[in-house]
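Step one of this worksheet: look at the structure below.
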Amino acid sequence: MAKLLNTYQLIANILSFKSNTLELKNELENGDVDYDLLVKITSEHLILPTIYCRLKEKNILKSIPKDLEIYLEQITEINRNRNRSIIHQAKSISQLLDKHHIKYTFLKGTALLLGGHYKDLGERMIGDIDILIEKDTIDYSYELFKKEYYPIKMTLGDYFFESKHLPRLKTDHYICALELHKKLFNNSDFDGLSNRSIIKNRITIQSYYIPNKTHLFEHNILNHQINDKGYFYNGLNFRTSYDALLLIAKHENDIIKGKLKTRETEEYILRQKYLFKDFSNLSYKNSKKLFTHIHSNNLLRVVWIKTVTAYLHLMNILKRLIKLISNSNYRKAIWKDRQRIKALLFQIVKFEHRPRA
């Protein structure tokens, strides 16, 4: 597993704004780099275009194999065109919400893209467009989007269990699906990072509403730690890491001053400090034992991931069993949707849901 940790460190050095470029160049040209593993990990973490853009900015693209350079360039160009389409879509979204005087803010990768945080439009891969909307207007907003080329696609969970966002709105007219958020986290709340505080302190960039820099940073961390279960897995998501690196590089003093003091943010920063010098000023502690133990031993890493995955699935199944016993409508819906549920349970048994690192 030393090779895995070495590859993690290499990826971190490529992404970092404080790593030594000459040392990185020498490692890429003369070191024992497992490029297959590098591509596998960066693909899983959705940062292939980010790797290309960072190597290009550091002026060391020629240090990697030529076929890999060409491949990364092609992926980045495809993503660049996709992000242009996302910006076009975001414009139509903001115009519709502004027309109806609805208060909102874009979240996560879309907010960073619209806020001009990426030097290259192809730098960040984005899935859905996430939008936080005031609770008293979210249902009205949802109906507006359903009329504007966004048909609804619901699952059992959407009908019977509360989520942080309304059922996902899919579309054939635009490139991305929409998720309208009524809250930021499924089962947690944080003073200073509420819906109200984010919308109240939002900023405007080129007619787009996005969270301020401190809220962007805090939500980036806590979304990974809580919604994506990063706190449980003690793993990494390099796409989230890079978003944090960008914000630190531009606004480090403001972020240090306004950083939320929670166990989730503290644990995240301690983990990042092991790989990135960029995080060195954000915490006074320095602990990396659990992360290094897990990722230095293949057996321990597999056991840890499967144990956490099994625990999270068990909690989810127990919640549904309670609903199954107490709600007759849920029992009928389960029976009608039994084929999809059977396939999902098969995936759970195989532990197919797991973190990217």
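Annotations
- Shape analysis of the range 1-78 places it in the rounded category; the axes a ≥ b ≥ c from the Cα gyration tensor give an a/c below 1.5.
- Shown here is the pair-distance distribution of the range 191-263: with all Cα-Cα distances grouped in 10 Å bins from zero up to the longest one, the shares run 18, 49, 30, 3 percent.
- If you take the Cα centroid of the range 1-61 and the Cα centroid of the range 128-152, the two points sit 39 Å apart.
- Order by protection proxy (mean Cβ within 10 Å, highest first), peptides 73-79, 134-140: 73-79, 134-140
- Inter-probe distance in nm under a simple model that places probes 7 Å from Cα toward Cβ, at Arg80 and Arg263: 4.6 nm
- Element breakdown for the range 1-123 at a 1.4 angstrom probe: carbon and sulfur atoms account for 51% of the accessible area.
- Across the cross-link table entries Lys164/Lys319; Lys164/Lys229; Lys147/Lys170; Lys183/Lys250; Lys135/Lys183, which are compared at the Cα atoms, the separations over 19 Å belong to Lys183/Lys250.
- Shown in residue order for the range 67-81 are the 3J(HN,Hα) couplings computed by the Karplus curve 6.51 cos²θ - 1.76 cosθ + 1.60 at θ = phi - 60°: 5, 5, 4, 5, 4, 5, 5, 5, 4, 5, 5, 4, 5, 4, 5 Hz (x for Gly and Pro).
- Heavy atoms of the protein chains alone define the surface here; on that basis the range 4-161 has 47 Å² accessible area per residue at 1.4 Å probe size.
- The equivalent ellipsoid that matches the C-alpha gyration tensor of the range 57-114 spans semi-axes of 36, 12, 7 angstrom, in descending order.
The values are calculated or read from the model by the stated rules, or taken from the named source; none is laboratory data. None of the values given here were measured: they were computed from a predicted structure. Note that we place each Cβ from the backbone using ideal geometry, even for glycine, and neighbour counts take in every protein chain shown. Only protein heavy atoms, including side chains, enter the accessible area calculation; ligands, DNA and RNA are left aside. Shrake-Rupley method; radii C 1.70, N 1.55, O 1.52, S 1.80 Å.
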